[in-house]
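Below is one structure, written out as C-alpha cells; comments come after it.
Please treat every number below as a calculation from the coordinates, not as lab data. Just so we're clear, the structure is a prediction, and the values are computed from it rather than from any experiment. Cβ: placed from backbone, ideal geometry, glycine included. Neighbour counts: every protein chain shown.
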Amino acid sequence: MQIKLTTPLDMHLHLRDEDMLKIVAPLSAKSFSGAIIMPNLVPPVSTKDEVIAYRQRIIEAIGDNKIELYMTLFFKSTYTYEFLQSIKDEITAIKLYPAGITTNSEGGVSGFDIDELKETLNAMSKLNIPLCIHGETNGFVMDREAQFVPIYEKLALAFPDLKIIMEHITTKESVEALDKFDNLYATITIHHLLITLDDVAGGMLAPHLFCKPIAKRPEDRDALQKVALSAHPKVMFGSDSAPHPQDAKESSHCSAGVFTAPIALQLLARLFETNGSSFDNLQKFVSDNAKNIYGVNPKEQTITLSKTPFTVPQNYGKVVPMYAGETISWSLVD
Ligand code: DOR
Ligand code: ZN
C-alpha cells in the first residue's frame, strides 16, 4: 500500500546551528515541504539581521532539497510596531518562551503582565503576526501546562485579533481550551500522540523520550489523538523535533528534546492507519490545517509513503532518533 501526502508541513521545528544544523536540516527537507523554524539559538534569534543570516545558514546546510522556511523571532516585550513592521516580511511568527522553562529560554518572559506585553502584542495583532507560545508555568512538572491554560485564556481575551498557537500541547485541558476561544490554535507532536510518562520513566529511564513538556497521562494522550485523528481544524502537526548530541541526552543532566524529524511522517502514517482514521484526515493534520491557520501557501510537492518496514537508524551523526533500532511499518519512498 502507498499513500501520497501533498506538501507536508512541520509547524514547529528546531534545526540548531553549525554541525548539528548540517546533520538535521537535510533530514527535515527530505520529508517536509515547509517548516516553522524555532529561534532558540544561543543567543536567540531576535534581530532582522539574525533572521536573515540564520535562514541563509539553513539553506546552505540543506543544499539541493527544497523546503519552505518559515522563520520566527524570539519574543521580547521591547519589540515596537516600527521594528515589527520592518521585519514582517522575513518572519512567519514570533515564539514566546516563559523565562528559563526549556532549552535556551533564559531571555524569555516572566510574569505575563498584560501591561508589559501589550505594546508588542497589539503591534503583532495589527500586523497579523501569529504568536507561538511554549505554555508551561514553573510549577510541578506534570501540572505546568494545565496551569498555563488560564494565561492562554487571558491573552486570548485581551488580544482577540492575535492568532495564538499553543505549541506542542500535551493535556486534555489545552484541547478543551481550543474550542473556547476563536483565536487559539495548537500544534501537536508525534511523540505526544504516541507516548505517556510511563514510556519515559515507568520502566528503565528513556532519555531519548524526555522532553518539555513531559509526556502526560493516557487520558491526555487520548484527548490529543481525538483532535489529531479527526483533523480538528484548529490543530496542526508540529514535530518539535529537538536534536541534542547523544552525550547530552545520555547524561546525568539529560537535555530535553526528542529527535523525530526523519521518522515523523512514517509514524503519522502508522498512527492514522492503526486507528482506522482516514488518510484525508492525515493530509489535513499535516498540511491543510496549517495552511489555513497560518495563511501560508507553500509550493506544492508530493511525498509518497509506502507500507514497507523501515528500521530506524541507531543514530544520525551524533544524534539518536526516537525509536532508534526499532522497525516501523511505513517508509518514505524517495
Ligand atoms: O523538549 C524540548 N526541547 N522542549 C522545548 O521546548 C525546547 C526543545 C529544545 O530546544 O531542545
Ligand atoms: Zn520546541
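Here are some notes:
- About the centre of its Cα atoms, the chain shows a dipole size close to 540 debye [charges on the beta carbon of Lys, Arg (+1) and Asp, Glu (-1) only; nearest 20 debye].
- Within region 148-162: backbone nitrogen closer than 12 Å to the residue 118 label point (7 Å, Cα to C-beta): 158-159
- In degrees, nearest ten, helix 48-62 long axis to first principal axis of the chain (Cα): 10
- For the pair region 94-165 and region 256-334, the centres of their Cα atoms are 28 angstrom apart.
- Counting only the Cα atoms, region 9-299 fills a convex hull of 120 Å³ per residue.
- Distance between the pseudo-spin-label points of residue 199 and residue 85 (7 Å out from Cα toward the beta carbon): 4.7 nm.
- Label zone of residue 147 (point 7 Å out along Cα→Cβ, amide N under 18 Å): in region 170-192 this covers 170-174.
- Sparse-neighbour loop sites [trypsin sites (Lys or Arg not before Pro); region 118-216; at most 12 other C-beta within 10 Å; DSSP]: 180
- For the chain, DSSP calls about 30 percent of its internal beta bridges antiparallel.
- Principal-axis tilt of helix 218-229 within the chain, Cα atoms, nearest 10 degrees: 90
- With K and R counted +1 and D and E -1, the other residues having a Cβ less than 13 Å from that of residue 320 yield a net charge of -1.
- Ranked by the mean number of other Cβ atoms within 10 Å of their residues, highest first, the peptides 33-41, 2-10 come out as 33-41, 2-10.
- Dividing the summed -39500 (n - 2.57) terms of all DSSP H runs of n ≥ 4 by the residue count of the chain sets its mean residue ellipticity at 222 nm at -10000 deg cm²/dmol.
- Farthest positive-ward along region 1-101 dipole, Cα basis, beta-carbon charges - from 15, 92, 2: 2
- Using the Cβ-Cβ distance between residue 334 and residue 42 with R0 set to 41 Å, the FRET efficiency works out to roughly 0.75.
- Toward the positive end of the charge dipole of the chain, with +1 on the Cβ of Lys and Arg and -1 on the Cβ of Asp and Glu, the farthest Cα among 186, 174, 63 is that of 63.
- Angle of helix 144-158 to the longest C-alpha principal axis of the chain, folded into 0 to 90 degrees and rounded to 10: 50°.
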